[in-house]
Structure formats: structure tokens, C-alpha cells
Amino acid sequence: QARLVESGGGLVQPGGSLRLSCAASGMPASFYAMGWYRQTPGNQRELVASMPPGGRPDYADAVKGRFIISRDGAQNTVHLQMNGLKHEDTAVYYCHLGDSWWGQGTQVTVSS
């Protein structure tokens, strides 16, 4: 079975950092781009960062300079280092693989 398992979400104060991780299994992850999306209640899911296999990462303007996406050498694990977190970063963050594979999401809450 195909699985995307996220971890690393939680509660952090503004200016703090979190590191999200996503491990893929049950599919040839190295053939696909992996990335992170986020969603808040009442809004559509939006791209945060993505990384094609062997390619350069793309970032949403809102997170450029603060977030870093990385992918392990085996290409089956992706991380999102989130620095300088802001209240507006609060969302459920979803790992994404290829066109249609999604993780269950992990909550990130930025609050003082």
C-alpha cells in the first residue's frame, strides 16, 4: 500500500521553528516530485514548497527565505524546515507526492 506519513507538527511561538518530515512508502517516490501544501479552514489547499527529483525547489512567495525543503538521497523522504514562523503560517500541512498522493496532514499552530 502507498503511504505518506508526516511528522513534526505542533505548537510554536511566533519567530520559532519547526521541522516537518514525510516518509513515502509503497510507491516509487523517486519518479515523482514531492512537496508540502497547507490548508486553513474555508480555504483551498495551497502549495508551500515542492522539489522534483534531482531538481531545484520551488517555494511560495509567502515562505521564501524562511522555509527550506529538502529531500533525502533515496528520494523517499522530504523535510520542510520552517524558520521565522508567523501566525499566518498556522495551517494543516500536507505532504504531497506526484499528482494525487497525499499524507493525512500535520497541524502547525503559531501562537503566542
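Of the residues in the stretch 51-60, none is within 15 Å of residue 4 (Cα to Cα) and not polar (S, T, N, Q). Remark: pairs (first residue in the stretch 4-17, farther than 8 Å from residue 109 by Cα; second residue of a type in the set (D, E, K, R); Cβ separation under 8 Å; 6+ apart in sequence or on different chains) = 8/19; 14/86. Scanning the stretch 3-18 for residues that are in a loop (DSSP other than H, G, I, E, B) and open to solvent by less than 50 Å² (accessible area, probe 1.4 Å) gives 8, 9, 16. Residues of the stretch 66-91 that are more than 15 Å from the chain's Cα centre (by Cα) and open to solvent by 60 Å² or more (accessible area, probe 1.4 Å): 73, 74, 86, 87, 88. Scanning the stretch 54-65 for residues that are basic (Lys, Arg), crowded, with 16+ Cβ neighbours inside 10 Å and either in contact with a helix residue (DSSP H, G or I) (Cβ under 9 Å, 6 or more places away or on another chain) or under 24 Å from residue 24 (Cβ atoms) (or both) turns up nothing. Residues of the stretch 19-36 that are in contact (Cβ under 8 Å) with a residue 60 or more places away in the chain, part of a strand (DSSP E or B) and open to solvent by 30 Å² or more (accessible area, probe 1.4 Å): 19 alone. The set of residues in the stretch 67-106 being assigned to a loop (DSSP other than H, G, I, E, B) and either in contact with a strand residue (DSSP E or B) (Cβ under 7 Å, 6 or more places away or on another chain) or of a type in the set (S, T, N, Q) (or both) consists of 75, 76, 83, 85, 86, 90, 100, 103, 104, 105. Screening residue 22 on (1) at pLDDT 95 or above; (2) more than 9 Å from the chain's Cα centre (by Cα); (3) hydrophobic (A, V, I, L, M, F, W, C) shows it passes everything except condition (2). When the criteria are applied in full, residue 56 fails the requirement of being of a type in the set (Lys, Arg) and in a strand (DSSP E or B). Of all residues in the stretch 37-52, which are in contact (Cβ under 8 Å) with a residue 24 or more places away in the chain and open to solvent by 60 Å² or more (accessible area, probe 1.4 Å)? Result: 45, single match.
The values are calculated or read from the model by the stated rules, or taken from the named source; none is laboratory data. Since the structure is predicted, the reported quantities are computational estimates derived from the model, not experimental observations. Backbone-built Cβ (ideal geometry, glycine too); neighbour counts: all protein chains shown. When the accessible area is computed, the model is the full protein with side chains, heavy atoms only, and any ligands, DNA or RNA have been set aside. Shrake-Rupley method; radii C 1.70, N 1.55, O 1.52, S 1.80 Å.
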